[in-house]
Amino acid sequence: MKHQNLIMAVLIAIIAVMIGAVAYDVHARNTQTTAKTAKTAAKTANKVSDKSDQNQTAQTASQKTIVLDPGHSAVMPSGSEAVGPGASETKAKDMVGTKGVATGVTEYDFMLTLANKLKPELEKRGYKVVLTRTDSQSAHSCIERAQVANDNHADAFVRLHANAAESAGPSGAMTINITANNPYTSATYSQCRKLSDCVLNAYVSATGAKSEGVSERDDLTGNNWAKVPTTLIEVGYMTNPEEDKLMQTDAYQAKMIQGIANGIDQFFKN
């Protein structure tokens, strides 16, 4: 009898172990299935989120017109023009701009290169893009450039320039817009400032350039004659040898383009 009881005890123990193993396997499979389901759901959610962001950008850009103004030209218009509508003060219609101290690249050629790279990037994001000039062999006054933005009812007028200093030390980027008390187009101030902030912040984030902040002034003819949100970005110093060389690399220009485009996106999203 004791022998039979021992056998029964052993059988019961074996059955208990088998039942436990089956239960563990079922639990493990359920856990694994739950984890896979959660992972799949997370991937789906991320895809939906990414698609939603893309759709939001496309919807934001839809029907928006961006006018890009590649600063300066090889051919200068003669004479002077009023710095603002009705102003008695006049300035030269345009100036030749600066030149890379290390590369020898002219500002007008550099800005046209940037504009021609920025245009397709913005179009890819859904914007309509107009350039104030498409070559460097024709003269364009600052008033004429602003009029392109006005005539196209631009939702944003972005003026592309490179900076210069008397010494090689200064580096970094800045944006320039009118002051709140601008005597010619003060009604656009808040939008101009918002555009300047968005473009500069996104630009320095994408490029790693030093931020020199937003400068507010009322002596830029192209800004004063524009009736639409306007900013002028100084993308870097061509008088700084290192920055000058950096800005002429394809890799850095790709960052510059992304930064400006991202800033324009942010302007319309915020």
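Around N181, under 10 Å between beta carbons, what's the net of Lys plus Arg minus Asp minus Glu among the other residues?
Value of the local net charge: -2.
Testing the spin-label approximation: label points 7 Å from Cα along Cα→Cβ at T103 and A165. State their distance in nm.
Going from the T103 label point to the A165 one covers 1.9 nm.
For region 229-270, what are Rg and Dmax over the alpha carbons, in angstrom?
For region 229-270, the Cα radius of gyration and maximum Cα-Cα distance read 12.4, 36 Å.
Just to make sure I understand: if all protein chains stay in place, what is the order of M247, M174 by accessible area at 1.4 Å, largest first?
From most accessible down to least: M174, M247.
Strictly over 32 Å apart at the Cα level, which of K91/K255; K119/K194; K99/K269; K194/K255; K91/K124 would you flag in this model?
In this structure, K91/K255; K99/K269; K91/K124 exceed 32 Å between Cα atoms.
For region 124-265, evaluate the Debye formula with one uniform point scatterer on each Cα (no solvent term) and list log10 I(q)/I(0) at q = 0.09, 0.13, 0.15, 0.18 Å⁻¹, rounded to two decimals.
-0.27, -0.57, -0.77, -1.10
Could you state how much accessible area K194 has, in square angstrom rounded to the nearest 10, with a 1.4 Å probe and all protein chains kept in place?
Counting only protein heavy atoms, the figure is 60 Å².
Taking the Cβ of H153 as the center, what net charge do the other residues with Cβ under 13 Å away carry, scoring Lys and Arg +1 and Asp and Glu -1?
Neighbourhood net charge equals +1.
Work out, step by step, the length gained on full extension between A87 and K128: first 0.36 nm times the residue separation, then minus their alpha carbon distance; give nm to one decimal.
11.5 nm
Given Cβ point charges of +1 (Lys, Arg) and -1 (Asp, Glu) and nothing else, what value in debye, to the nearest 20, does the dipole of region 123-215 about its Cα centre take?
220 debye
Sort H153, H72 from largest to smallest accessible area, using a 1.4 Å probe on the heavy atoms of the protein chains.
H153, H72
How many nm separate the modelled label positions at A187 and D219, each set 7 Å beyond the Cα in the direction of the Cβ?
It works out to 2.8 nm between the two label points.
Keeping all protein chains in place and using 1.4 angstrom, which order do V130, V75 fall into by accessible surface area, from largest down?
From most exposed to least exposed: V75, V130.
Restricting things to alpha carbons, tell me how big region 147-195 is in terms of Rg and Dmax, in Å.
Calculated on Cα positions, Rg and Dmax stand at 14.0, 40 Å.
Net charge near F268, counting Lys/Arg +1 and Asp/Glu -1 over other residues with Cβ under 12 Å of its Cβ?
Residues near F268 contribute +2 overall.
Quote to one decimal, in nm, the extra length available between K117 and S138 on full extension: 0.36 nm per residue of separation minus the C-alpha distance between them.
Full extension of this stretch gives 5.5 nm more.
Quick check on packing: order 255-261, 132-138 by the mean number of other C-beta atoms within 10 Å, highest mean leading.
255-261, 132-138
The values are calculated or read from the model by the stated rules, or taken from the named source; none is laboratory data. Because the structure is predicted, anything quoted here is derived from the model rather than measured. Glycine gets a Cβ as well: all are built from the backbone with ideal geometry, and neighbour counts include every protein chain shown. Remember, those area values only see protein heavy atoms, side chains included, never the ligands or the DNA or RNA. Shrake-Rupley method; radii C 1.70, N 1.55, O 1.52, S 1.80 Å.
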